[in-house]
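The values are calculated or read from the model by the stated rules, or taken from the named source; none is laboratory data. Owing to the predicted nature of the structure, the values given are computational and were not obtained by experimental measurement. Cβ atoms come from the backbone with ideal geometry, glycine included; neighbour counts cover every protein chain shown. SASA here: full protein model, heavy atoms, side chains in, ligands and nucleic acids out. Shrake-Rupley method; radii C 1.70, N 1.55, O 1.52, S 1.80 Å.
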Amino acid sequence: MASATESAHIARTAISVSAATPSASVTTATLPTSAPAAADVSAADSAAHANALAAAKGGRLDPVIKLLKKSPDAFKSAVRAAKNGASAYHKWVKSLSWKNPLKYTLMALPGYLQTELINWLASQVG
């Protein structure tokens, strides 16, 4: 019974404290917002993302591509799967043997590198 009384007292105190604080709308009304600044940020983000993809394709995918090309059968299978889409590619990667180091290499790639690899594989003739 004493704990119920204490919790009711704490709830009333919290309500009175929150009622005493200024509302969020007053705080946000004082913050300046500007649409051009938001557009500049999104343009900078997309430019940075494009630069990261270009750098990744130029350098980071080279070892993975070399590893794929070491096994012509795996390379052909990867190209076929990539041409059918990202979900087919991921299904193909998961179907590789647990003993195959290629499986773990492909699974360890960050998402944007996997996307670049799928796009590169899909563009290959074969």
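General remarks:
- Residues satisfying the stated conditions in the stretch 82-92, i.e. open to solvent by 10 Å² or more (accessible area, probe 1.4 Å) and in contact with a Leu (Cβ under 8 Å, 6 or more places away or on another chain): Lys83
Conditions tested, residue by residue: (1) over 13 Å from Leu68 (Cα atoms); (2) over 19 Å from the mean Cα position of the chain (by Cα).
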position	(1), (2)
Gly85	yes, no
His90	yes, no
Lys94	yes, yes
Trp98	yes, yes
Lys103	no, yes
Leu109	yes, no
Thr115	yes, no
Ala122	yes, yes
Val125	yes, yes
